[in-house]
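**Q** Here it is, the structure in full.
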Amino acid sequence: MRVFDVDRQEWAGDERETRFDGDQQMQAAKQGQMLRRAVAVLAAVGLCFLVWALGWKDEPQPVEDAAPPQPTATESFDDGSSDEPSAESSETASAATVPADFAIVQDKEGFRSAVPSVWERSSRPSQYGMDVVEYSSPDGTRRLQVFAVMETSPYASLQAAQAEARKLDGYQVITLEEKTGTARKAATHEYRADEVAGEAQSFTRHVIDYRFEAEDGQRYALVAYGSDADGSADEQELLDTALTWFCPPGTVCPTPTG
């Protein structure tokens, strides 16, 4: 069969026909190989796109900010804008209050306490520890003594003090006891006398001598003096207030409560 050779622009014979058929077969093989490569490339691209699409689909969506829960009918909501003091702030304010005519003092000997604001301070050397500090009323009828004690316990210290107090004119013991139910050891000696520390008075004294172990592990005395004629309430208030606010030298104490 004769075939027209386009390149040569002539009809080819059987030999040219055979060569032309061979060329066609080679070109067909090359085209098939190129087609297979194209299919492989497209398949790889499609696989990559599929993996990316699946990954994007599984990517977590941004979480919107949840609205704060609204208080129910049985809940109270406090955003802190109320001017009314809370129970905690009221308790703190109450804990920091002293009687109107008292003032908190940081004494030169290092201790903290609370005494009547118009009283005068004096001191004298002691045989043990800090000086004996005394706060006195302007008329001299009332006073508070603060000093350290050397005995091994508050009660033992008061037993020694009572042995001296018995020598005072008009001495009458009201109570001498070791306190119970306290966080630290304490004891009290309450009595009446017509003189105090050898000084004669024109009236009978009422004395509450309270000795105790403080936060620093040392023992101290708070002694309240006053007139017996007006009862014992003022001496008790003087002692209780001084004791509530007492903090020994070199010690950081919490704010008193109650």
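The values are calculated or read from the model by the stated rules, or taken from the named source; none is laboratory data. Since we're looking at a predicted model, the values are computed, not measured. Positions of Cβ are generated from backbone atoms using ideal geometry, with glycine treated the same way; all protein chains shown enter the neighbour counts. The protein model used for the area step is the full one, side chains on, heavy atoms only, and it has no ligands, DNA or RNA in it. Shrake-Rupley method; radii C 1.70, N 1.55, O 1.52, S 1.80 Å.
**Q** What are the chymotrypsin sites (Phe, Trp or Tyr not before Pro) within the stretch 203-258 that DSSP puts in a loop, where the Cβ has at most 12 other Cβ atoms within 10 Å?
**A** Loop-located and lightly packed - none at all.
**Q** Next question, about the same structure. I'd like to compare 140-149, 158-167, 117-126: which one has the highest average count of other Cβ atoms within 10 Å, and what's the full order after that?
**A** Ranking, from highest mean packing down: 140-149, 158-167, 117-126.
**Q** Using +1 at the C-beta of Lys and Arg and -1 at the C-beta of Asp and Glu, which of GLY226, VAL115, ALA186 has the Cα lying farthest in the positive direction of the dipole of the stretch 107-258?
**A** ALA186
**Q** Would you work out the Kirkwood radius for the stretch 130-207? I mean one over the mean of 1/r across all pairs of different Cα atoms, in Å.
**A** Averaging 1/r across every pair of different Cα atoms and inverting gives 13.9 Å.
**Q** Let me ask something else. For the stretch 176-237, state which GluC sites (Glu not before Pro) are in a DSSP loop and have at most 14 other beta carbons lying within 10 Å of their beta carbon.
**A** In loop regions of the stretch 176-237 (DSSP not H, G, I, E or B), the sparsely surrounded GluC sites (Glu not before Pro) are GLU215.
**Q** Return the carbon/sulfur percentage of the accessible area of the stretch 174-228, one whole number, probe 1.4 Å, all protein chains in place.
**A** Looking at the stretch 174-228 in its full context, I get 36 percent from C and S.
**Q** Please state the equivalent ellipsoid semi-axes for the stretch 195-255: what are the square roots of 5 times the Cα gyration tensor eigenvalues, largest first, in whole Å?
**A** Whole-Å semi-axes of the equivalent ellipsoid: 28, 13, 7.
**Q** Continuing with the same structure: In Å and from the alpha-carbon atoms only, list the Rg and Dmax of the stretch 98-256.
**A** Gyration radius and largest Cα-Cα distance of the stretch 98-256: 14.8, 42 Å.
**Q** Let's see if you can work this out: charge +1 on each Lys and Arg Cβ, -1 on each Asp and Glu Cβ, no other charges. What is the dipole magnitude of the stretch 136-241 about its Cα centre, in debye to the nearest 20?
**A** With Lys and Arg at +1 and Asp and Glu at -1, about 280 debye.
**Q** Then there's this: Evaluate E = 1/(1 + (r/R0)^6) for ARG121 and ARG184, where r is the Cβ-Cβ distance and R0 equals 35 Å; express this FRET efficiency to the nearest 0.05.
**A** 0.85
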